[in-house]
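The values are calculated or read from the model by the stated rules, or taken from the named source; none is laboratory data. None of these values were measured; they are calculated from a predicted model. Positions of Cβ are generated from backbone atoms using ideal geometry, with glycine treated the same way; all protein chains shown enter the neighbour counts. For accessibility, only protein heavy atoms count, side chains too; no ligands or nucleic acids. Shrake-Rupley method; radii C 1.70, N 1.55, O 1.52, S 1.80 Å.
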Amino acid sequence: MPINFIPNDPKASGGPPIRQKTPRTNRPATVAGFNYLAHKPAALHPLGDPEFLFWQSREAALAAVATYETLAGKKVTRWARSSPIRKLDLLPDDGTDLNAYYNGDSLNFFHYKTGTKTTWSGASTDVVAHESGHALLDQARPDLWDSSYPETNAFHEAFGDCMALLTAFADPATRTAVRTRLRRQNFLEATAEDLSDGVRRALGASHPAAQPRHAHNTFKWALPTTLPTSGPPNVLSSEVHSFARIFTGCFYDTILNILRDRIGAAKTPTAAQLGDAVRTAGKLVVRAAAEATETTRFFQSVGQAMVLADAATNGGANHLAIRDAFQKHNVALGSSAVLAPVAALRGAASTARGALTRTAVTDLRQRLGATPDERMVVTAHAIAGVRVVRATHLRHVALGKLDDRLKGVVALASQRVLVGAVNKTAAILGAMPESTAGDDEVHTFVATLLAADRIAFAGTSARYGIKSALRKDTRLRLPTHVVRRVGGTKVLRRVRFAC
Ligand SMILES: [Zn+2]
């Protein structure tokens, strides 16, 4: 039996309308899939019906995973941290909120009533694909979950928005509808129109989330430490969803530039040409997200990894398209320097793959100023087919000066160094992380969490939500971070990603 399906967003203007379609089959038990709540069989359940919401959110989540797998060239076999590891709970209506979450175990969507109108975040394919994007990035990059850098966390949001774009572009009717208006704002590059409209009606037009996020934008990258921690929708702030628009803009412009280089900037692509360009850019961003070294400048790092992936798989055919797109948003790439040796470490290169000699580790720890209680993790890694060693030093950054409630609490700041073998000597590649800049970045990130009231200080609110100080705001918002005791240290840890 067919279902009613909204291919983009309930409030997408100019996109393909709601349609009837045969639902996707369940994913096999041998790969990563979803746990579903009890539901009625597929049928043309009407909008507003819980059964419609179930089949709509299921279809969108399966579409996002299928889109990702096509681009990654392999099946997603397990999630990052769910129990059991192959199942995420899909919760189409988990209570009252104007948001959606991925918490490692589930994708959670909500409803919120303003006047006579109800907003269901799970009814938007944009929103479901965005949350699925968090889960998909998490299985590829579990190391980014607890990052304390604004740009890494903004990238997690940008990747969610890129998955919303890619999932929409994968739909043939959508490609046909959008191809004539790619170079101006349109229903596809705008994400979560309906949810942001709900935020606007409930919390006012100046709320940061009161407008859809646009991938077709002119925002220019600036150091997040120099930006406000919050602002209205049209202002670039260091809040992760706001700052994410820089990377999403770079990605959308990469698609436009690939079309520019293939058919000319003024021509309207056929649906097939558009599909090819999107697939090219999508494959590059999925691979780069998996391979890029985390630095405080993660947008640049992912862009560089896209250029290197393009060189390895397409002979560099899209180098200018990528470079120009990032340059337009003020992100300079200079990707040829990523794997260039900058300094030799003491001792010989290890002969074991993915290992460093004890002498080299000691040298690295000294250069990074690691204290005895801070760990260094060494793993094998490859970027665009080049095998390297990745050493990660987790630095403790004190947060007490930001807020009294954070006295004695630290955030973990990862400092990652790539090491290669040069003339049988272990050598640092690319650059050494700059530790004091990293501390500033961590403070900025935590300041944005405090400004948005995203940290649960009371024990119960990690699960049941934080009450707003505003009386008109009746949401019980779930926190994204909590303070946990790890060994003898109080550490700020992530518990979920918000929409
Ligand atoms: Zn998100």
(request) Looking only at the range 125-133, decide whether some residue is open to solvent by less than 20 Å² (accessible area, probe 1.4 Å), in contact with an Asp or Glu (Cβ under 8 Å, 6 or more places away or on another chain), of a type in the set (Ser, Thr, Tyr) and within 16 Å of the ligand (Cβ to nearest atom). (result) yes
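For (1) in contact with a strand residue (DSSP E or B) (Cβ under 6 Å, 6 or more places away or on another chain); (2) open to solvent by less than 10 Å² (accessible area, probe 1.4 Å), each residue gets a yes or a no:
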position	(1), (2)
Val419	yes, yes
Gly430	yes, no
Glu441	no, yes
Leu450	no, no
Ser468	no, no
Lys472	no, no
Val483	yes, no
Arg494	yes, no
(request) Identify, by number, the condition in (1) among the β-branched types (Val, Ile, Thr); (2) closer than 18 Å to Tyr149 by Cβ; (3) in contact with an Asp or Glu (Cβ under 7 Å, 6 or more places away or on another chain); (4) open to solvent by less than 10 Å² (accessible area, probe 1.4 Å) that Ile322 doesn't meet. (result) (2)
(message) Let me confirm something: among Tyr68, Tyr102, which residue is open to solvent by less than 10 Å² (accessible area, probe 1.4 Å), among the aromatic types (Phe, Trp, Tyr), within 16 Å of the ligand (Cβ to nearest atom) and at pLDDT 95 or above?
(response) Tyr102
(request) Could you run through the range 397-413 and say how many residues are buried (at least 17 other Cβ atoms within 10 Å of the Cβ) and either modelled with pLDDT under 95 or under 22 Å from Pro372 (Cβ atoms) (or both)? (result) 7
(request) Would you please name the residue that is farthest from the chain's Cα centre (by Cα), looking only at residues in the range 141-184 that are closer than 29 Å to Ala398 by Cα and of a type in the set (A, V, I, L, M)? (result) Leu144
(request) Considering every residue within the range 89-97, establish whether at least one is under 21 Å from Ala192 (Cα atoms), crowded, with 24+ Cβ neighbours inside 10 Å and not aliphatic (A, V, I, L, M). (result) yes
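Is it the case, given these coordinates, that His207 is within 29 Å of Ala170 (Cβ to Cβ), of a type outside the set (A, V, I, L, M) and outside any helix (DSSP H, G or I)?
Details: within 29 Å of Ala170 (Cβ to Cβ): no; of a type outside the set (A, V, I, L, M): yes; outside any helix (DSSP H, G or I): yes.
When the stated conditions are applied, His207 does not pass them.
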(message) For the range 232-266, give me the residue count where each residue is part of a loop (DSSP other than H, G, I, E, B) and either at negative phi or within 16 Å of the ligand (Cβ to nearest atom) (or both).
(response) 10
(message) Looking at Thr362 and the list (1) open to solvent by 60 Å² or more (accessible area, probe 1.4 Å); (2) closer than 24 Å to Phe247 by Cβ; (3) not charged (D, E, K, R), which single condition is not satisfied?
(response) (2)
(message) Going residue by residue through the range 216-228, is there one that turns out to be farther than 17 Å from Thr296 by Cα and either within 16 Å of the ligand (Cβ to nearest atom) or modelled with pLDDT under 95 (or both)?
(response) no
(message) Exactly one of these conditions fails for Ala60: (1) touching a His at 6+ places or on another chain (Cβ under 9 Å); (2) in a helix (DSSP H, G or I). Give me its number.
(response) (1)
(request) Would you please name the residue that is nearest to Val285 (Cα to Cα), looking only at residues in the range 105-124 that are small (Gly, Ala, Ser) and either within 12 Å of the ligand (Cβ to nearest atom) or surrounded by 22 or more Cβ atoms within 10 Å (Cβ to Cβ) (or both)? (result) Ser124
(request) Only one of these is more than 30 Å from Leu223 (Cα to Cα) and within 16 Å of the ligand (Cβ to nearest atom): Asp89, Asp97. Name it. (result) Asp97
(request) Within the range 369-382, identify whether any single residue is in contact with a helix residue (DSSP H, G or I) (Cβ under 8 Å, 6 or more places away or on another chain), in a helix (DSSP H, G or I) and without any contact (Cβ under 8 Å) to a residue 60 or more places away in the chain, and answer yes or no. (result) no
(message) Condition first: in a loop (DSSP other than H, G, I, E, B) and of a type in the set (Ser, Thr, Tyr). Now tell me which residues in the range 267-292 satisfy that.
(response) Thr268, Thr270
(request) Check Pro142, Pro84 and return the single one that is away from the ligand (no atom under 14 Å from the Cβ), farther than 24 Å from Thr448 by Cβ and open to solvent by 10 Å² or more (accessible area, probe 1.4 Å). (result) Pro84
(request) For the range 424-479, name all the residues that are farther than 18 Å from Asp404 by Cα, at pLDDT 80 or above and in a strand (DSSP E or B). (result) Thr425, Ala426, Ala427, Ile428, Leu429, Arg477
